[in-house]
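Remarks on the structure that follows.
Every number in this text was worked out from the coordinates using simple rules, so none of it is lab data. This one's a predicted model, so the numbers in the text were calculated from it and none came from an experiment. Positions of Cβ are backbone-derived with ideal geometry, glycine not excepted, and every protein chain shown enters the neighbour counts.
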Amino acid sequence: MGPEMEPLFLAWSYFRRRKFQLCADLCTQMLEKSPYDQAAWILKARALTEMVYVDEIDVDQEGIAEMILDENAIAQVPRPGTSLKLPGTNQTGGPSPAIRPITQAGRPITGFLRPSTQSGRPGTMEQAIRTPRTAYTARPITSSSGRFVRLGTASMLTSPDGPFINLSRLNLTKYAQKPKLAKALFEYIFHHENDVKTALDLAALSTEHSQYKDWWWKVQIGKCYYRLGMYREAEKQFKSALKQQEMVDTFLYLAKVYTSLDQPVTALNLFKQGLDKFPGEVTLLCGIARIYEEMNNISSASEYYKEVLKQDNTHMEAIACIGSNHFYSDQPEVALRFYRRLLQLGVYNCQLFNNLGLCCFYAQQYDMTLTSFERALSLAENEEETADVWYNLGHIAVARALLQTASSLAPHLYEPHFNFATISDKIGDLQRSYVAARKSEAAFPDHVDTQHLIKQLKQHFAML
């Protein structure tokens, strides 16, 4: 046996390998022996923070309180194309929104599930209470702050004897004078303890100590203001930080503020300014595409999602959204290529196979339709997903009846006979499948697929 690894080095190794609980436990042991070990203290604070870390840029869940009690509303009737609450009509010239699933606000649902984009913005408390729950939570959303409170209280379980840091006894002024300690402490207070006011106090003292020259602290103050719903104050901090140091994240935070203020045009202009500084930046391109999509400008959204794929051809959101747009533009064959790409990237869930089944069905690739739906049913995690799959399977049952009608009306055409035979074969009605296949053969004797199907059915009958 070789010598034991230095505990602090081992804890750091755990942290780098994202084994945060082991890292925190080891740091706790070191702090019991040496309570003033700053390295162990910082590492434990960072490990506890990472356990409950939520990316503030991507996650934004609007609750009933934020929807109804909106103090930042400027105009009750905004001009068309300038608001996310009242988006304009479909600007693509494609299929009407009635064909594509839409939110209560009238926007088409995107191909990628994101918070605050799947449910409409209710106008009254009664509507808000009746709004279906999202896929992100099993409980009705009452307030965005509620999510953070639940995270904060659950995180207390990591320290059975109480909190790691007693915030009420902290001398924030002392920590503000030690920038390295202050940054780790701020992240811990903001994410782990969810004490936004204390985090804001620490950030204000630290930025004062840095003589207002540290852009990072200005961004953190902006994040605190945003969490508190003080969007105009957050805007000032993010703008000030951008003047000192242009960073992609700061552009994204500031655009989030403008989206919350229902100023999508301003957010679009900001994203485009960011692209001037950071050409080809995927997150900025994706931000523009999302806003266009929320404004119901599907054609522009698709163009920017295509730009995203030029920079990153594995970007799942862009692939899913472009696939969805092609499907609702009556191009199921093209949509199928995008969904197959997601399958190649390792996405393996009910929703993807459900979409694959629909694309195969509308592209008349019936051999793969039922197989995809069967796989979707096996992967369904709840009753709603199962219901969606069975709803789509209902279309196939209707299609079989329609094909039977078509074949009786036009017996000289091979297509209805062959398609009816294929669907009947997939659902196990082999006798009808064989009869229809023979009719298809009579209408088009040289059709290879028909010959192959008849051969398969004869082999099956021979085995009986």
Need one number: nm distance between label points at Ala410 and Gln211, each 7 Å from Cα along Cα→Cβ, rounded to one decimal. 8.3
With 22 Å as the limit, write out which pairs from Lys178/Lys213; Lys178/Lys218; Lys174/Lys243; Lys178/Lys236; Lys183/Lys218 have Cα-Cα distances beyond it, or answer none. Lys174/Lys243; Lys178/Lys236
Kirkwood Rh over alpha-carbon pairs of region 154-300 plugged into Stokes-Einstein at 37 °C, 0.692 mPa s gives a D in µm²/s of 197
Loop-resident chymotrypsin sites (Phe, Trp or Tyr not before Pro) in region 183-227 with no more than 13 other Cβ atoms inside 10 Å, DSSP not H/G/I/E/B, are Tyr212
Test of the criteria: in region 4-38, which chymotrypsin sites (Phe, Trp or Tyr not before Pro) are in a DSSP loop and have at most 16 other Cβ atoms within 10 angstrom of their Cβ? Tyr36
How far apart, in nanometres, would the label points at Ser299 and Met368 be if each is projected 7 angstrom from Cα along the Cα-to-Cβ direction? 3.0
May I ask you to list the lysines whose Cα is less than 29 Å away from that of Lys439, ignoring any residue fewer than eight positions away on the same chain? Lys426, Lys455, Lys458
At R0 = 25 Å, how high is the FRET efficiency between Lys306 and Thr82 if r is their beta carbon distance? Nearest 0.05 is fine. 0.50
Summed over the other residues with a beta carbon less than 13 angstrom from that of Ile427, with K and R at +1 and D and E at -1, the charge totals -1
Going residue by residue through region 314-327, the Karplus relation 6.51 cos²θ - 1.76 cosθ + 1.60 with θ = phi - 60° gives ³J(HN,Hα) values, rounded to whole Hz and with x marking Gly or Pro, of 10, 6, 5, 4, 5, 4, 5, 5, 5, x, 4, 5, 5, 4
Against the 2.2 N^0.38 Å rule of thumb, the C-alpha Rg of region 294-391 sits at a ratio of 1.09
Nearest-0.05 FRET efficiency for Arg232 and Asp58 at R0 = 25 Å, using Cβ-Cβ distance, is 0.65
To the nearest 0.05, what FRET efficiency results for Gln456 and Leu113 with a Förster distance of 41 Å applied to their C-beta separation? 0.55
So how much slack lies between Asp37 and Leu170, counting 0.36 nm per residue of separation and subtracting their Cα-Cα distance, in nm? 46.2 nm
